[in-house]
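Step one of this worksheet: look at the structure below.
Please treat every number below as a calculation from the coordinates, not as lab data. None of the values given here were measured: they were computed from a predicted structure. Don't worry about glycine lacking a Cβ; one is built from the backbone with ideal geometry, like all the others, and counts go over all protein chains shown.
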Amino acid sequence: MPKYKNRKLGHNDNSLFDGIFEKRGVTRITQYRTMPFTGLDFDTIMVQEYIWMVRDSLHKLSQTFYNTYDLWWVIAFVNQKPTDAHYKVGDKIYIPSNPQKIANQIGK
């Protein structure tokens, strides 16, 4: 994912992670919060439909459609499914024709 501008921080002190905290000698860790994706007009994005097949992955689709593995997250973002595990064979997904347009708008 691209680096977000104006990211908010959060403190994780959940007891579920006590073992990890103890190993690190801390009582909590500070993490970047997930940014909500807003301000992108999905109606103006040109997309191509694609059917998810066996052995597909976001990285492979990025390489196939964009000639780079780096823009996998654009496909995930547009489809609102962040990982390969969120897709199943036969799912109709959308491949944006101009991923750079989306990449340039994220985090502004």
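Shown for the chain: lysine pairs separated by 8 or more places, or found on different chains, whose C-alpha atoms are under 28 Å apart, numbering 22. Considering the chain at the alpha-carbon level, its Rg and Dmax are found to be 17.4, 50 Å. Tell me, what is the FRET efficiency for Ile51 and Thr83 to the nearest 0.05, using R0 = 22 angstrom and their Cβ-Cβ distance as r? Efficiency, rounded to the nearest 0.05: 0.75.
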